[in-house]
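See structure below.
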Amino acid sequence: MLAVIGLGNPGYEYEGTRHNIGFAVVDALAEETGLLLSGGRGEYLIGRKMLAGENFLLVKPLTYMNNSGSAVIEIVDYFKIELSQLLVVLDDIQLPLGTLRIRLQGSSGGHNGLYSIIYHLSSEQFPRLRCGIGSPLAPRMKKQMADFVLSGFDRSEKGSVHQMILNARDAVLMAAREGTQSAIERYNGLKIQ
């Protein structure tokens, strides 16, 4: 099984924002695999199918970013998912736009959605795919960072964003078919040219 958790905020006003790149990757995966997401038993949208002979779940928590962990723990408990079978997809302001970084474990790195998941699971031992949203346009002051990640991409960035979403989609599909380590070897540090 691979359970892919795309992080973001629900609602029209958040569509296309930097903080919703996890949702965008899940949407791209749903389109590629023909999977439809619908309401789950909790505060999340979920789709499930067999892929490469294994169960494949796509999930979009609807709890808002800072409480993503409450939806993730429900899914983990209900489907009896091993933490190694999770793959959390999220934005990372510290990575340059278009860069992917896959890790098998680690800290939140200051990301509130990831922090919530770590808190609810009582563990940092699960894979994550960070998608770079960093930009020279980003404010230097931490107070302004929240507004920045909740803003849309500049027109000049949209081509790179689109390609990053496709690369992240392909990385997740490789993880599902060949294992997360294969995806790490192929996509880690991949940058948009």
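The values are calculated or read from the model by the stated rules, or taken from the named source; none is laboratory data. As the structure is a computational prediction, the values presented were derived from the model and not from experiment. Because the Cβ atoms are built from the backbone with ideal geometry, glycine has one as well, and the counts that use them run over all protein chains shown.
Considering segment 146-175, and only residues there that are surrounded by fewer than 18 Cβ atoms within 10 Å (Cβ to Cβ) and among the small types (Gly, Ala, Ser), the residue that is modelled with the lowest pLDDT turns out to be 146.
Considering only residues that are more than 18 Å from residue 57 (Cβ to Cβ), without any contact (Cβ under 8 Å) to a residue 40 or more places away in the chain and not small (Gly, Ala, Ser), look in segment 1-24 and name the one that is surrounded by the most Cβ atoms within 10 Å (Cβ to Cβ). The extreme case among them is 15.
Return yes or no: is residue 182 in contact with a helix residue (DSSP H, G or I) (Cβ under 6 Å, 6 or more places away or on another chain), closer than 16 Å to residue 19 by Cα, in a helix (DSSP H, G or I) and not acidic (Asp, Glu)?
It is false that residue 182 is in contact with a helix residue (DSSP H, G or I) (Cβ under 6 Å, 6 or more places away or on another chain), closer than 16 Å to residue 19 by Cα, in a helix (DSSP H, G or I) and not acidic (Asp, Glu).
The C-beta contact set for segment 150-171 (first residue in a helix (DSSP H, G or I), second residue surrounded by 15 or more Cβ atoms within 10 Å (Cβ to Cβ) and acidic (Asp, Glu), distance under 9 angstrom, 6+ apart or interchain) comprises 165/27. The condition of being modelled with pLDDT of 95 or more, hydrophobic (A, V, I, L, M, F, W, C) and over 30 Å from residue 140 (Cβ atoms) holds for only one of 51, 58, that being 58. Restricting attention to segment 102-111, the residues that are surrounded by fewer than 19 Cβ atoms within 10 Å (Cβ to Cβ) and at pLDDT 95 or above add up to 6. Of all the listed residues (191, 143), the sole one being at pLDDT below 95, under 18 Å from the mean Cα position of the chain (by Cα), surrounded by fewer than 18 Cβ atoms within 10 Å (Cβ to Cβ) and among the charged types (D, E, K, R) is 191. Only one of the numbered conditions (1) farther than 23 Å from residue 102 by Cα; (2) not in a loop (DSSP other than H, G, I, E, B); (3) not basic (Lys, Arg) is violated by residue 3, and that is (1).
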